[in-house]
1. When ligands, DNA and RNA are left out and all protein chains stay put, how many square angstrom of accessible area per residue does the chain have with a 1.4 Å probe?
2. For helix 219-236, report the angle its Cα long axis makes with the longest principal axis of the Cα atoms of the chain; keep it between 0 and 90° and round to the nearest 10°.
3. Are there GluC sites (Glu not before Pro) in region 1-92 that DSSP marks as loop and that have at most 14 other Cβ atoms within 10 Å, and which are they?
4. Measure nothing but the geometry: give the 0 to 90° angle between the long axis through the Cα atoms of 120-133 and the longest principal axis through the Cα atoms of the chain, rounded to 10°.
5. Can you give the extra length, in nm with one decimal, that the chain gains between Arg44 and Gln172 once fully stretched, where that is 0.36 nm per residue apart less the Cα-Cα distance?
6. Could you tell me whether region 13-100 comes out rounded, prolate or oblate from its Cα gyration tensor? Rule is a ≥ b ≥ c as square roots of the eigenvalues, rounded for a/c under 1.5, then prolate if a/b exceeds b/c, otherwise oblate.
7. So, by mean Cβ neighbours within 10 angstrom, what's the order for 155-162, 54-61, 174-181, 31-38 with the highest one leading?
8. Run the numbers on region 52-127 and let me know its relative contact order in percent, using alpha-carbon pairs under 8 Å that are six or more apart.
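The values are calculated or read from the model by the stated rules, or taken from the named source; none is laboratory data. Every value quoted in this text rests on a predicted model; they were computed, and no experiment measured them. Because the Cβ atoms are built from the backbone with ideal geometry, glycine has one as well, and the counts that use them run over all protein chains shown. Each accessible area value is taken on the protein alone, full model and side chains, heavy atoms only, with ligands, DNA and RNA left out. Shrake-Rupley method; radii C 1.70, N 1.55, O 1.52, S 1.80 Å.
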Amino acid sequence: MTPPELQRVVAVIPARGGSQRIPGKNLAPLAGRPLLSYTIEAARRAHLVSEVYVSTDSDAIAEVARQQGVAVVDRPAELATAEAPTEPALFHAVSTIERGGRGPVDVIVLLQPTSPLRSHRRVDEAIDLLLTTGCDSVVGVVADIGYYFLGDIDAQGQLKVGYDPHQRLRTQRIPPRYRENGAVYVMTRQQLIERQCRMGGDMRALIMEQHESIDIDDWLDLRLCETILEHNSAQRRPSTKQGQAEAWPGSH
């Protein structure tokens, strides 16, 4: 295996122009900046990332990416539909990058632009986890106890739950399970090329906080992120006010 300091670690940000719930979502304004810009900044500030690329079918997105100093991979229209999975676009991006003359990529970092609160430190942690363990893939996850309260509704409309309502656990005592949060994926080239998937093989988890795991799917998610960003910005400004709330952990 190539020593970590010699690895070619490439971050790919897939950002298509279309969106179903929020028109032009990847460029939607968030605290005065395009949504995409937060992920570009995280990728560029990550110490272990060698190169950053945005894969897009949109001229407007390409322009924002270039303004922030990152390269653009022109994504074919058939890989940018609402139904198109991410892996073919990622495979296309890596193939295009490798044809650029600098040789094969060692590690691929997939950063979706809909996770604006994921920091560059988390990107570095995920890459470091892959490099130090020699695993095949790393996935960002978040603790979730919601599974405990899941139930089913039968044909008669009756709700069937999987726990005894007379002895329901307090939330603090529910053993967590871990949900993929979409914020960061790291994989070896072999994992992507041979298995055609971002996840698999010896797969490790990077456990992240709830606020870092917000995935922008609708306007409510966007407003929640904006509230957190404004809160943290207020905490960083000098103030003589007493009793201010602390910033969200890991937000700086």
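1. With all protein chains present, the chain gives 54 Å² per residue.
2. The two axes meet at around 80 degrees.
3. Sites meeting the loop and neighbour criteria: Glu83.
4. With both axes taken from Cα atoms, the answer is about 80 degrees.
5. Values: separation 128, 0.36 × 128 = 46.08 nm, distance 3.76 nm.
Extra length from Arg44 to Gln172 when fully extended: 42.3 nm.
6. The shape class here is oblate.
7. Going by the mean number of other Cβ atoms within 10 Å, highest first, we get 54-61, 31-38, 174-181, 155-162.
8. 21 percent
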